[in-house]
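Comments concern the structure below.
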Amino acid sequence: MNLVIFGPPGAGKGTQAKRLVTERGYIQLSTGDMLRAARKSGSELGQKVAGIMDRGELVSDEIVIALIKEQLDLNKGAPGFIFDGFPRTLAQAEALDALLGSQSSQVDHVIRLNVDDKALLDRIALRFEEQKRDDDNPTAFAVRLNAYNKQTAPLLPYYQGKGLLKEINGMDDIDAVAGAVSRILDLD
Ligand code: AMP
């Protein structure tokens, strides 16, 4: 089972992905988490992406595709993968199709969490206070939202054209969203 969980920053993708890890044993592949771990470790990759991430811009397709490939190879045979924050560009979506295809697999579901901009701003302001993530500051967040609207939202027609896109109201509470996600996954 391969699920792409889709939505703007602050939509609740990571929260829902973590529930699926606990409840179903799926593996969460969050490129944002991988990049933050690289920064924390002080690796060359971490140093290379730090400024880009703090500004709220996207790192290169090449970097994130390599991270995903590495994790897919490491976790062969897992019951499912949740792609969280990846793909974010058309090139990444095509690379994901190719990577999964080479393992005789495919994207099974794309679930979009719909949250309006005002609620996103409120959620991110709260997360900034709680977690002090540099790129949650208002200036970087505006850049991230813009990157989502310009570079990532255009993926929606790509997945819609493949009949994979399902939409969920991400404004509901966490349990209600989780229930809606589960119903989609259990349709198979
Ligand atoms: P996230 O935690 O998913 O919001 O990601 C935090 C930051 O990491 C983003 O603002 C980007 O700078 C970078 N990033 C994460 N995933 C990707 C991706 N798939 N493509 C490009 N940049 C990414």
What is the spread of the Cα atoms of the chain along each of their three principal axes, largest first, in whole Å?
41, 38, 31
Nearest-20 debye value, segment 37-98 charge dipole, Cβ charges on Lys, Arg, Asp, Glu
240 debye
Value of [θ]222 nm, deg cm²/dmol, for the chain, DSSP H segments ≥ 4, -39500 (n - 2.57) each, nearest 500:
-17000 deg cm²/dmol
As an exercise, use a Förster radius of 30 Å and the Cβ-Cβ distance of K150 and E23 to find the FRET efficiency, rounded to the nearest 0.05.
0.30
If R0 = 22 Å, then E44 and E70, at their Cβ-Cβ distance, give a FRET efficiency to the nearest 0.05 of 0.90
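What number results when the radius of gyration of segment 4-100, computed over Cα atoms, is divided by 2.2 N^0.38 Å?
1.06
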I want to check the label-to-label distance for D108 and E94. Put each point 7 Å from Cα in the C-beta direction and report it in nm to one decimal.
2.7 nm
Quick one: what Rg and Dmax do you get for segment 83-188 from the alpha carbons, in Å?
15.5, 44
Run the numbers for L164 and E130: contour at 0.36 nm per residue of separation, minus the present Cα-Cα distance, in nm.
8.8 nm
Taking 8 Å as the Cα distance limit and 6 or more residues as the minimum spacing, I'd like the relative contact order of the chain as a percentage.
33 percent
Would you mind checking the pairs K69/K162; K40/K118; K118/K166; K118/K150; K13/K118 and listing those with alpha carbons more than 25 angstrom apart?
K40/K118
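Mind giving me the FRET efficiency for D175 and A37? R0 is 22 Å, r the Cβ-Cβ distance, nearest 0.05 is fine. Don't skip to the answer; put the middle values down first.
Numbers: r = 29 Å, r/R0 = 1.30.
Working from the Cβ atoms, E equals 0.15.
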Can you pull out the trypsin sites (Lys or Arg not before Pro) in segment 144-188 that DSSP calls coil and that have at most 13 other Cβ atoms within 10 Å?
K162
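Only the coordinates and a few stated rules stand behind these numbers; no lab work does. As the structure is a computational prediction, the values presented were derived from the model and not from experiment. For neighbour counting, all protein chains shown are included, and Cβ atoms are generated from backbone atoms with ideal geometry for every residue, glycine included.
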